[in-house]
1. Place +1 on the Cβ of every Lys and Arg and -1 on the Cβ of every Asp and Glu in segment 71-136, take the dipole about the Cα centre, and give the residue among Trp129, Gly82, Tyr97 whose Cα lies farthest towards its positive end.
2. For Val46, enumerate residues with amide H under 5 Å from its amide H, sequence gap 5+ or separate chain, H modeled in the peptide plane.
3. Can you run phi through the Karplus equation (6.51, -1.76, 1.60; θ = phi - 60°) for segment 113-121 and list ³J(HN,Hα) in whole Hz, with x for Gly and Pro?
4. Would you mind pulling out the separation of the Cα centroids of segment 88-149 and segment 44-75, in Å?
5. List the aspartates and glutamates whose Cα sits under 14 Å from the Cα of Lys53, skipping any in the same chain fewer than 8 residues away.
6. How long are the semi-axes of the equivalent ellipsoid of the chain, defined as square roots of 5 times the Cα gyration tensor eigenvalues? Whole Å, largest first.
7. Helix 2-14 versus the longest principal axis of the chain: what angle, 0 to 90°, nearest 10, using Cα atoms?
8. Give, as a single signed number, the net charge of other residues whose beta carbon lies under 11 Å from the beta carbon of Gly131, with Lys and Arg counted +1 and Asp and Glu -1.
Amino acid sequence: MIRLAFGVLLFLASCTSAQDTGSTNWPEKLRNLEIGLEVTHSTDTVFATINTKDPEKRGRYQMKFTTSVESINEDLEIVEFGAYFWENDKWVLRSIYDRPFNKEEFIKWYNSQDGKIKLGKKYSDNDNWLGKSNSLNGNTYKALLYFIAKNPKGERFVGAKEIIGVMKMKG
């Protein structure tokens, strides 16, 4: 009996459910898809740095970091990706274009030749950012960056990862 109970506990501990990954708190559009991508960020909390790329257009300060994505089980092709921001107790889709990003943008920003996420290869955007501003207002932002991809059969998979942004210099 003890051996059986231990075996059941070991089995349950090794299972990954949507709740274990935090996906039950995701927007409905993402919750309904099977997890098939792993998303990582260079940091869990990003602080402001000087924006040397486009300060005249987007602001003097930026919350810059790296985001990487990789497939868990098979080669996939990107469908869309983007970010939800936590506002007024709900996730709100936000981007610089007021829409999700597409396959062409993934190719450009994540150094993918054809929009595919090949098993065993990590794709990274080393110039990702949560926000840019002319003021260090100290505001804190919670974002969920997500990716949706499909396999050759057309089945869709998702991966997402939260990040916190603070519009102040670290230290």
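Please treat every number below as a calculation from the coordinates, not as lab data. Keep in mind the model is a prediction, meaning the values are calculated, not measured. Neighbour counts run over all protein chains shown; Cβ positions are idealised from the backbone, glycine included.
1. Comparing the listed Cα positions along the dipole, Trp129 ranks first.
2. Those qualifying (amide H under 5 Å, at least 5 residues apart or on another chain) are Ile164, Gly165, Val166.
3. Once rounded to whole Hz, the list reads 5, 9, x, 9, 10, 7, 4, x, 10.
4. Using only Cα atoms to place each centre, the spacing works out to 8 Å.
5. Asp127
6. 32, 21, 14
7. In the chain, helix 2-14 runs at an angle near 30 degrees to the longest axis.
8. Details: positive: Arg58, Lys64, Arg94, Lys132; negative: none.
Charge balance near Gly131 sits at +4.
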